[in-house]
1. Among B:ILE59, B:PRO87, B:LEU160, whose Cα sits farthest toward the positive end of the charge dipole of chain B (+1 at Cβ of Lys/Arg, -1 at Cβ of Asp/Glu, about the Cα centre)?
2. Say we join alpha carbon atoms closer than 10 Å with springs in a Gaussian network model of chain B; which of B:TRP47, B:TRP82, B:TRP245 then has the biggest fluctuation?
3. Whole-Hz Karplus ³J(HN,Hα) for region B:203-209, in order, using 6.51 cos²θ - 1.76 cosθ + 1.60 and θ = phi - 60°, x for Gly and Pro?
4. May I ask you to list the GluC sites (Glu not before Pro) in region B:49-92 that are in a DSSP loop and have at most 12 other Cβ atoms within 10 Å of their Cβ?
5. Each residue of region B:20-37 in order: what ³J(HN,Hα) in whole Hz does its phi give by Karplus 6.51 cos²θ - 1.76 cosθ + 1.60, θ = phi - 60°, with x for Gly and Pro?
6. How large is ³J(HN,Hα) for each residue in region B:268-277, as worked out from phi by the Karplus curve 6.51 cos²θ - 1.76 cosθ + 1.60 (θ = phi - 60°), to whole Hz, x for Gly and Pro?
7. Amide H neighbours of B:GLY260 under 5 Å, at least 5 residues apart or on other chains, H built in the peptide plane: list them.
8. Under a 10 Å cutoff between Cα atoms, tell me which one of B:ALA206, B:ALA151, B:ALA97 has the largest fluctuation in the Gaussian network model of chain B.
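Coordinate-derived values only; no laboratory data. Given the structure is predicted, the values throughout are model-derived calculations rather than measurements. We place every Cβ from the backbone using ideal geometry, glycine too, and count neighbours over all the protein chains shown.
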Amino acid sequence: MEDSTSSSQEKENQQVGEAVRLSGGRAAASARDPAPQQPGPGARQDFGAPQQPGRASRGAPESGSARADALGPPTGERGLPGGGRREAGSAPRPPCRRSGALPRAQELRAGGAQERSAAPRASQAGCRELEVAVRNAKGYLLRVSSKTGLSLYDHLSNMLTKILDERPENAVDIIENISQNVKMAHFSKKLDTLQNENEMLPTYEIAERQKALFLLGHLEGADQELEDEIAENSLPNVMESAFYFEQAGVGLGTEETYRIFLALKQLTDTHPVQKCRFWGKILGLEKNYVIAEVEIREGEEDEEVEEEDVAEAEERDNGESDADRDELPRPFYKPPQAVPKEETRTGTNKYVYFVCNEPGRPWVKLPSVTPAQIVTARKIKKFFTGRLDAPIISYPPFPGNESNYLRAQIARISAGTHVSPLGFYQFGEEEGEEEEDVESGRDSFEENPDFEGIQVLDLVESLSNWVHHVQHILPQGRCTWFNPIPKHEEEEEENEEKEEKGEEPDYLEQEIGPPLLTPISEDLEILNTPAWTTRLSSSVIPQYAIAVLRSNLWPGAYAFSTGKKFENFYIGWGYKYSVDNYAPPVPPPVYQEYSSGPEITEMDDPSVEEEQAFRAAQEATEHAAQDNEESEEDEDDNSEYH
Amino acid sequence: MDSESLLLSLELAAGTGQGLSPDRRTALLTSLLLVKRDYRYERVLFWGRILGIVADYYIAQGLGEDQLAPRKTLYSLNCMEWSLLPPATEEMAAQMAVVKGRFMGDPSHEYEHTEFQRTTAEGEKTFEDDVVVQVKEETRLVSVIDQIDKAVAIIPRGALFKTPFGPVHVNRTFEGLPLSEARKLSSYFHFREPVDLKNRTLLEKADLDPSLDFLDSLENDIPKGSWSIQMERGNSLVVLRSLLWPGLTFFHTPRTRNHGYIYVGTGEKNMDLPFML
């Protein structure tokens, strides 16, 4: 019998395929099957019985026959000796051979219903032996695992079906994984539609939102409107800057940039925007922030101020009512007068910032920044979470939540890293003569119409060709210095607390920062690290390269210039670079609430000697008081007793 | 990221903002192919970029048949000419630990560091001297790359599998993580020899599949919360960013084979992490 199996390896492989398909339940009765199965009841029961229910349950007869037809031609190809033999040499071979031998035995019993010239005829006795062996083997394979309820027979046939369906290369190398995947497939839940929906919901939601961005433009159809829109354009050409930044090796990728572009368009359409700019992106732990820098048209930004006034008024009310209810002892400590925040359109609040987590989501306006927030932001180092209302837990405590911290960091980054080629901006002439500006430094500038551009090479070689066009923020947290003292005195007079006056310095030295449009070559070094790195975007083709500026102080801040155009961009975590590790500031010394004197100082317990001396002295005085005229001897006696 | 799918990978990792300029990209596509041929690597990974003050280092790594075998690291300043770096040693790490500040971008640059050393001469006299130690930037580069690799190089679960004979191969049947798994840190593994696995309790190890779970998962990383895991582009992209080594971005598109990591940063560890969370 052995020769019969080995001599017709090729045919056998075909058979394997068929057998596998049959038992795998994929195909129902094929055209050939019924004939050989009829005469052999012994073999048939084994083969057919376990399969029948499966077949019946798995597929309608029509689909089964259609499948069989479709499988017809490939069975010929399946005989390829290369793949088949290698497979046969590995572990799964024995079961294959056995199951493959089965149909042959049946065919023989069918009395040559199908002519196979290569198959040698075997004797009746051999046939019966084989039949028994096959039946036993098959019975063993069909045994159902008591743990999982699966049989090896089904598993192997499923595996082979998968392999033959998918035809991976070098299947023997990954047979373990295939086996595992087949087993895993039993556990994959057949999710009903409801669950499916749930899992994919956010994907669809954002797609739906972004679809709205694309449809926005189509709503206004008239050409007239389109012309108007183009004429009063406040939208920046984000794609153009993105192109240049890509040359520099920075950027968010074309798709995301375009989405942001569309989102900015939505912003400029829905808000009264004078000028708009894509400021950058700040990465957060859970979500990121896309930030737009906006100049609101004049006369349309009052809402926020009113809201804040209301909020402040409420706070004041609360304070008063608290005081009425319960009078608490008042501490002597008077907080230093808060430095007022700069008005909109000046200094740190020159622009308004809008943020969104993802293009397509609503834009949220950030509150304007106060000097206290900037001062504290300098002392802390935190990651952003991506939720604007998240609290900032830090020492020193930050006044406000994450939106305030974000706004403060934006102000700091802008002040530190927004640069432009020298000569692009010039000071406005009218305001330069006013008296206020002499004191605070000129704080307004305009685009220089005569700017002719600077050679790219010059921009790369010399940092003095770049200037800051955002005002430096003073240590106080403002761009223009505010003198807190005169007001302080007034308050003191109101409160009638004159003692403290002496402690306060009468005169605070005015903080001075570098004026506007200072060349960046004057930026301070951070421990031997220059503040900026310049580079030509391409060393291979320098003719058309652009100048790229990278901030080392604020990792993630970039600027480019083609000579005439320039743009700034920030992408990063939103913290400043420091060579040394961060250490939170030491808590301030404990405030002294009262002057220390002997009446409230705790004293050491007297020692025994001191006590005795004291008692002696006391008694001495008593005696002296009781009988002044007593002799000295008595006193001596008394003291000896004690 | 695999050099063969470089363009797609760069596109997927672009959300962090650090890409490559077109000329660098093109140069890499050409030169990494040649690297693969010349050094006879099975796979070449584009590892990333270390930003220096004067110039940037571009780093690539070559892998052999066994994915976990020590990797060969190459660096280049222009993306065209690659030079092999020596393997990292503990001694290098010790030397590097004293160096602070940014990379310069010049491999022969020497950092100077004055060390307070106590030398015991003959007899009982001890001298206290300031010794100037010089560390070459190349040494620092090797050591930093090795540290980053050990700390934050990651792969999704199932992307590699351990063959019964020991070597680790790329899993060809890996079809990506399912969406529900993609959001968990436990589905991502450190791409290095397991260290922590031996210390796990038997109970924890009970459910592990020896052919897939043979690496340390990110779940037990110290400090906790040193990874930021985000779903981007709706739900179609998972991005993990290391907070311990800011600049390392890992991306994976669930239900596809696309995954990889890239480091673009200054090569400095974020020691302030505990304060920043």
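1. Selected residue: B:LEU160.
2. Largest GNM mean-square fluctuation: B:TRP82.
3. These are the phi-based 3J(HN,Hα) values: 4, 5, 7, 4, 8, 7, 9 Hz.
4. Answer in residue order: B:GLU65, B:GLU81.
5. Residue by residue, region B:20-37 yields 10, 6, x, 6, 5, 4, 5, 4, 5, 4, 6, 6, 5, 4, 5, 4, 4, 6 Hz.
6. 10, 7, 8, 6, 8, 3, x, 6, 8, 7
7. Residues meeting the criterion, in which the H sits 1.01 Å from N, are B:PHE251.
8. The residue that fluctuates most here is B:ALA206.
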